[in-house]
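The values are calculated or read from the model by the stated rules, or taken from the named source; none is laboratory data. Because the structure is predicted, anything quoted here is derived from the model rather than measured. No Cβ is skipped: glycine too gets one built from the backbone with ideal geometry, and neighbour counts run over all protein chains shown. With ligands, DNA and RNA removed, areas are computed over all heavy atoms of the protein, side chains included. Shrake-Rupley method; radii C 1.70, N 1.55, O 1.52, S 1.80 Å.
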Amino acid sequence: MSLIRKRINSKKKEGTGMRAFWIVLDSAGIGKAPDAAQFGDEGSNTWKTCYDSGKLNIPNMEKLGIYHIDDMGYGNQDQTAEGCYGRLYESSQGKDTTIGHWEMAGVISPKPFPVYPDGFPEEVLAEFEKQTGRKVLCNKPYSGTDVIRDYGKEHMETGALIVYTSADSVFQIAAHEEVVPIETLYEYCKIARKILMGDHAVARVIARPFVGEYPNFTRTDRRHDFSLVPPKPTILDQLKAAGKDVIGVGKIYDIFAGQGLTETTPNHGNAKNMEKVFEIQKKDFDGLCYINLVDFDMMYGHRRDIPGYTNALNEFDEALGTFLANMRDDDVLFITADHGCDPGYKGTDHTREAVPLLGYSKAWKQGINIGTRDTYADIAATIGELFQIDYTGDGSSFADKLR
């Protein structure tokens, strides 16, 4: 897929002309979720793990108010906050990317997606093998880097697909790009997506291409997620219906199965995604630019790489300085996360955590504590009110605190 934005059919109406940028630091939780113990994640705290490394250097997020958030209990709280700041709890029954993004976009999921700690049932795999004409290897929960190390050689020798899962609701297909061309791998994922419905409706089917020679395989950035369609309209759908631009950067298209977007740029890593955001900042549009930065989760959280995660936060903060300098007077910025993935915690899976919310606009009051909110969906409700549309999703707006 090209970096050139793909235009999706939409009808443009006149509106407020406001530009909102919404950046998701994928997995950058701040711990202390009230129900963490129910998910086996008591004590996890992604942000604190990075802070405790002694290498976290985030002056721009400090300036916006990250350490003023309720119950942080560490960091520089003497500096006056220039943004709005708060803590969000997750109401949905899950801790994965899809369920987190859906909730922040206004769709709370009371029922968790199915997970497969013992692998997928035979009837699912048999149908998948029948429709693809290829056998399946693995069929277990596995680390993405370990699975290609352990099964990559056999895959290259036999052409069988490496199918694996995790603690999340995912059906992942790993294949070497010289054995299975990337577009063919995507077709196999579409086949799996059609099979995995009803009782087996996993949140995401994920293409996991890799390259190299045994034992030195590496995954490529041509991963692609095939998600379920949200069960009801999100803030993206409602903004689009109101004639607004809705621009997705990174995994946003994948997470929402393309629903509610007018333009999209696929994921190419944190740095290139932010470069794309800088390009978009130079353009006139009326609506929302929604950005997912997945490297925190994919490259560092799951791999339990504390130095890497910490450095990624530092690099984002540096990019944030450029972003803030380029903001127009009426631009709006929100920064949040979708779950945790504490690189200092046990295992390699996501962690149930509260997430931060930072906001900024030159048109807002400074230093506003929006407190602790019961659902991520309050962001969607707030964006709906800021754009003066008839928002019908979950959550409660805090827009009145900002003006």
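In the complete set of protein chains, residue-level accessible area for THR372 is approximately 50 Å², probe 1.4 angstrom.
Near GLU187: Cβ cut-off under 13 Å, other residues only, Lys/Arg at +1 and Asp/Glu at -1. The net charge is +3.
Each Lys and Arg contributes +1 and each Asp and Glu -1, all at the Cβ; summed about the Cα centre of segment 171-291, the dipole is approximately 280 debye. Between the amide H of CYS289 and those of ALA20, PHE21, TRP22, ILE247, distances stay under 5 Å, these residues lying 5 or more places away or on another chain, with hydrogens modeled in the peptide plane. Taken along the Cα-to-beta-carbon direction at a fixed 7 Å, the label points for GLU123 and GLU318 span 5.4 nm. Centre-to-centre separation between the Cα atoms of segment 82-152 and those of segment 221-298: 20 Å. Overall, the chain carries a charge dipole of about 880 debye about its Cα centre when +1 sits on the Cβ of Lys and Arg and -1 on the Cβ of Asp and Glu, all other atoms neutral.
Counting heavy atoms of the protein chains alone, GLU353 has an accessible area of about 0 Å² for a 1.4 Å probe. Were the residues from THR392 through ASP305 laid out at 0.36 nm apart, the gain over their Cα-Cα distance would be 27.3 nm. Rounded to the nearest whole Hz, the Karplus-based 3J(HN,Hα) values (6.51 cos²θ - 1.76 cosθ + 1.60, θ = phi - 60°) of segment 317-332 follow the sequence 4, 5, 5, 4, x, 5, 4, 4, 5, 8, 5, 7, 4, 9, 5, 10, with x at glycine and proline. Taken per residue, the accessible surface of segment 28-129 reaches 40 Å², heavy atoms only and a 1.4 Å probe.
Taking every lysine pair in segment 6-126 that is 8 or more places apart or spans two chains, those with Cα atoms closer than 29 Å amount to 11.
Only protein heavy atoms count here; on that basis, with a 1.4 Å probe, ARG134 has an accessible area of about 60 Å². Kirkwood's formula applied to the C-alpha pairs of the chain gives a hydrodynamic radius of 21.4 angstrom. Globularity index of segment 263-403 is 1.12 (Cα radius of gyration / 2.2 N^0.38 Å, N = number of residues). With the crude spin-label approximation of a point 7 Å out along Cα→Cβ, what separation in nm comes out for GLU213 versus GLN79? Between GLU213 and GLN79, the label points sit 4.9 nm apart.
Counting only lysines at least 8 places from LYS194 when in the same chain, those with an alpha carbon closer than 16 Å to its own are LYS130.
Ranking ARG373, ARG403, ARG222 by solvent-accessible area of protein heavy atoms (1.4 Å probe, all protein chains present), from largest to smallest, gives ARG403, ARG222, ARG373. Along the axis of the charge dipole computed for segment 180-262 (Cβ charges of +1 for Lys and Arg, -1 for Asp and Glu, origin at the Cα centre), the listed residues ASN216, GLN238, ILE206 are led at the positive end by GLN238. 3J(HN,Hα) couplings calculated from phi for segment 146-161 with the Karplus curve 6.51 cos²θ - 1.76 cosθ + 1.60 (θ = phi - 60°) are, in sequence order, 5, 5, 6, 5, 7, 10, x, 5, 5, 4, 5, 7, 10, x, 5, 7 Hz; Gly and Pro show x.
For segment 252-380, the carbon plus sulfur part of the accessible surface works out to 44%, probe radius 1.4 Å.
If the segment from ARG403 to LYS130 were pulled out straight at 0.36 nm per residue, it would be longer than the present Cα-Cα gap by 92.5 nm. For segment 162-242, the solvent-accessible area of protein heavy atoms averages 39 Å² per residue (probe radius 1.4 Å; ligands and nucleic acids excluded). For segment 58-131, with all protein chains in place and a probe radius of 1.4 Å, 46% of the accessible heavy-atom surface sits on carbon or sulfur.
Relative to the longest principal axis of the Cα atoms of the chain, the long axis of helix 270-281 lies at roughly 50 degrees. Average accessible surface for segment 263-312: 34 Å² per residue, computed with a 1.4 Å probe over protein heavy atoms with every protein chain in place. Ranked by the mean number of other Cβ atoms within 10 Å of their residues, highest first, the peptides 90-97, 245-252, 35-42 come out as 245-252, 90-97, 35-42. Put simply, the amide H of PHE217, placed in the peptide plane, has no neighbours under 5 Å, leaving out anything fewer than 5 places away on its chain. Rounded to the nearest Hz, the phi-derived 3J(HN,Hα) couplings of segment 192-207 under the Karplus curve 6.51 cos²θ - 1.76 cosθ + 1.60 (θ = phi - 60°) are 4, 4, 5, 6, 8, 10, x, 5, 10, 7, 5, 5, 9, 9, 10, 7, where x marks glycine and proline. Taking amide H atoms as placed 1.01 Å from N in the peptide plane, the amide H of THR372 lies under 5 Å from those of ARG87, each 5 or more residues away in sequence or on another chain. In segment 202-313, Cα pairs under 8 Å separated by at least six residues give a relative contact order of 21 percent.
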